[in-house]
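In what follows, a single structure is set out as structure tokens and then discussed.
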Amino acid sequence: MSNIKIAPSILSADFSKLGEEIMAIDKAGANYIHIDVMDGNFVPNLTFGPPVIKAIRDKTNLTFDVHLMIDKPERYIEEFVKAGADIIVVHAESTIHLHRVIQQIKSFGKKVGVSLNPATPIDILKYIINDLDMVLVMSVNPGFGGQKFIESTLQKIKDVRALNETIDIQVDGGITDKTIGKCIEAGANIFVAGSYVFSGNYKERIENLKRG
Ligand code: DX5
Ligand code: ZN
């Protein structure tokens, strides 16, 4: 179980005290800080961009796992690198130049992930998976916290794991103490959790997740 990592999503944090929230989840045992960037085009919601990421960068040494839900992410990679991203995840559906943007992220020495919406087949990973550090399997339709886990995600996790035995597989959406176990069984190892972590005692909630 020790290779399980928990990435609380600050989408469910109290934005009026974001710095304190980040220090609190760090202290509570989080492994990554998951940062959901939304542009109102790729997804029907707006959040924050590089200036906010830059403002919270010195609050923790934890890995900043930046989930870009924006159209044509290649336009902004350098800005997210400068703001302090450690892992940059782009959606396969958000660009027609997926291979190019992967190389762009790697050229800055950053880790790179590709995310798939619930309806997107894994075929798109075939010629790029060896370039990736992580695959993000979305277990809800992106855009909002607090949605219900989509069960067909489990087969998709198994299928990605069959493609590559060692790659990090992250799951995002509807992760709780009730849903994490079956995702671990299917082969995932990094878990984003927003509403579950932030609606209780952070330390207890993160420990519950780590127990699987
Ligand atoms: C959804 C985001 C998620 C979201 C997860 O578009 O990518 O990271 O914050 O929230 P929960 O854990 O509440 O489903
Ligand atoms: Zn996310």
Exercise for review: Within the stretch 130-153, count every residue that is more than 17 Å from the chain's Cα centre (by Cα) and either open to solvent by less than 10 Å² (accessible area, probe 1.4 Å) or not charged (D, E, K, R) (or both).
Suggested key: 2
Review point. Which one is most open to solvent (accessible area, probe 1.4 Å), of the residues in the stretch 82-99 that are over 16 Å from the mean Cα position of the chain (by Cα) and closer than 21 Å to ASP168 by Cα?
Key: HIS99
Exercise for review: Find all pairs meeting these conditions: Cβ atoms under 8 angstrom apart; at least six residues apart or on different chains; first residue within the stretch 150-170 and within 16 Å of ILE124 (Cβ to Cβ); second residue part of a helix (DSSP H, G or I) and of a type in the set (D, E, K, R).
Suggested key: ILE169/ARG161
Review point. How many residues are in a loop (DSSP other than H, G, I, E, B) and either free of Cβ contacts under 8 Å to residues at least 40 places away in the same chain or of a type outside the set (A, V, I, L, M, F, W, C) (or both) if we restrict to the stretch 124-149?
Key: 15
Point to revise | Among residues of the stretch 87-126, those that are more than 16 Å from ligand 2 (Cβ to nearest atom) and among the aliphatic types (A, V, I, L, M), counted | key: 9
Check your understanding: Any residue in the stretch 181-188 that is open to solvent by less than 50 Å² (accessible area, probe 1.4 Å) and within 15 Å of ligand 1 (Cβ to nearest atom)?
Key -> yes
Exercise for review: Answer yes if at least one residue in the stretch 1-18 is touching a strand residue (DSSP E or B) at 6+ places or on another chain (Cβ under 8 Å), in a helix (DSSP H, G or I) and either aliphatic (A, V, I, L, M) or more than 18 Å from ASP71 (Cβ to Cβ) (or both), and no otherwise.
Suggested key: yes
Check your understanding: Does ALA119 fit the bill of being loosely packed, with under 14 Cβ neighbours inside 10 Å and part of a helix (DSSP H, G or I)?
Key -> no
Check your understanding: From the list ILE129, ILE70, ILE88, ILE35, which residue is at pLDDT 95 or above and either in contact with a Gly (Cβ under 6 Å, 6 or more places away or on another chain) or over 24 Å from ALA193 (Cβ atoms) (or both)?
Key -> ILE129
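The values are calculated or read from the model by the stated rules, or taken from the named source; none is laboratory data. Every value quoted in this text rests on a predicted model; they were computed, and no experiment measured them. Here the Cβ is made from the backbone with ideal geometry for all residues, glycine too, and neighbour counts use every protein chain on show. These accessible areas exclude ligands, DNA and RNA; they are computed on the full protein's heavy atoms, side chains included. Shrake-Rupley method; radii C 1.70, N 1.55, O 1.52, S 1.80 Å.
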